[in-house]
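What follows is a short report on a single structure.
Coordinate-derived values only; no laboratory data. For clarity, every value in this text was computed on a predicted model and none was experimentally measured. Virtual Cβ from ideal backbone geometry, glycine too; neighbours counted across all protein chains shown.
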There are 2 protein chains.
Amino acid sequence: MSDLGERLRARGKRLTTQRERVLAAVGRLGHGTPDEIAASVASDGAGALPVSTVYRSLDALQELGLVGHTHVDHRTPSYHLAEHATHLHLVCRGCGWVGEMPLDAADELVARVDDELGFAADVSHAAVHGLCRTCREDS
Amino acid sequence: MSDLGERLRARGKRLTTQRERVLAAVGRLGHGTPDEIAASVASDGAGALPVSTVYRSLDALQELGLVGHTHVDHRTPSYHLAEHATHLHLVCRGCGWVGEMPLDAADELVARVDDELGFAADVSHAAVHGLCRTCREDS
DNA sequence: TTGAATGCAAAAAATTTGCATATTG
DNA sequence: CAATATGCAAATTTTTTGCATTCAA
């Protein structure tokens, strides 16, 4: 992970254990709100971190492009590793299930938005809501 | 607007001036956070409403399918008329500009998600982030 | 009349900020 | 050593809740 260090340094930022722990927690969780991430960090055996540090670390990691976030629920942001952002997110309104779909599923959409509006869409940031197979059948 | 009244009654809910005013404010704004909606309501000449009423009205109208919301910024939800949800939303990360695109631009995406995961996507709830033409050129 | 909705104020969440101190580079 | 980050606590901001009162049906 000296890669992390270099990316940080390249931007005049520093590598701290806190940032490493936050990044690791995001990786462990897959998806998590700042709150859940703080809890996960707290359970990694090295003690809890103040929430403010978690927020600031997430900001830094995000600025670096290492993590991204989407709005899985309609309240708090949910962070994930950037490498994880090779998918767009599907969120079930019924049960909260979170699924993924390769980004190329949105190619047509991205192309149209570009053609018609000159807008450069970053679909990996999108959470598409709807109903998963199970909830769909139940209703 | 007796239509609104009937839809409410059909669900055991009631038509109140507060709900009408909130709905009107959403229509006026196009897009708005609860806060902005409260401000817009307050300026309609009939006095301000407590925020709690605004929140509860938005919930009721949403439950009724008259308004929907997306996460335009990464903090607060932005509500819009349901009829407005014939578009998906594009949000510029640079300047906050909010654009629209007809839903059919996402047809392919919706179809793939359905085929592969059985997920019924409601794209009108999605906000796709990216860079608008202007911000794109600036960077 | 009667249950649903409001108004108000207080409680809960969620996020940010100031600043002295500790750390990285 | 200098600049960046942390820790901690307090301040904001955003949303929810309890409850007596009002109002639509």
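Against the main long axis of the alpha-carbon atoms of chain A, helix A:107-117 sits at an angle near 90°.
With the charge dipole of segment A:2-83 set up from +1 on Lys and Arg Cβ and -1 on Asp and Glu Cβ about the Cα centre, the Cα lying farthest toward the positive end among the listed residues A:T70, A:P34, A:G12 is that of A:G12. Relative to the longest principal axis of the Cα atoms of chain A, helix A:51-63 runs at roughly 60 degrees. A point 7 Å from Cα along Cα→Cβ stands in for A:T16, and the other copies hold the same point at 4.7 nm, listed in rising order. Taking every C-alpha pair closer than 8 Å and separated by at least 6 residues, the mean separation divided by the residue count of segment B:1-81 gives a relative contact order of 31 percent.
Remark: segment B:2-83 carries a charge dipole of roughly 300 debye about the Cα centre, counting +1 on each Lys and Arg Cβ and -1 on each Asp and Glu Cβ. Calculated mean residue ellipticity at 222 nm for the protein assembly as shown: -13000 deg cm²/dmol, from DSSP H runs with n ≥ 4 weighted as -39500 (n - 2.57), summed, divided by the residue count and rounded to 500.
Contact order, relative form, for chain A: 19 percent (alpha carbon pairs under 8 Å, 6 or more residues apart, mean separation divided by residue count). Restricting the trypsin sites (Lys or Arg not before Pro) of segment A:1-103 to loop positions (DSSP other than H, G, I, E, B) with no more than 12 neighbouring Cβ atoms within 10 Å leaves A:R11, A:R14, A:R75. Quick check: from the Cα gyration tensor, does chain B come out rounded (a/c under 1.5), prolate or oblate? Here chain B falls in the oblate category. Sorted from closest to farthest, the other copies place their B:E108 label points 0.6 nm away, with each point set 7 Å from Cα along Cα→Cβ.
Is the C-alpha gyration tensor of the protein assembly as shown telling us rounded, prolate or oblate? Criteria: a/c under 1.5 is rounded; beyond that, a/b larger than b/c is prolate, otherwise oblate. Since a/c reaches 1.5 and a/b is larger than b/c, the shape of the protein assembly as shown is classed as prolate.
Annotation: cysteines of chain B without a disulfide-compatible partner (Cβ-Cβ under 4.7 angstrom) are B:C95, B:C135.
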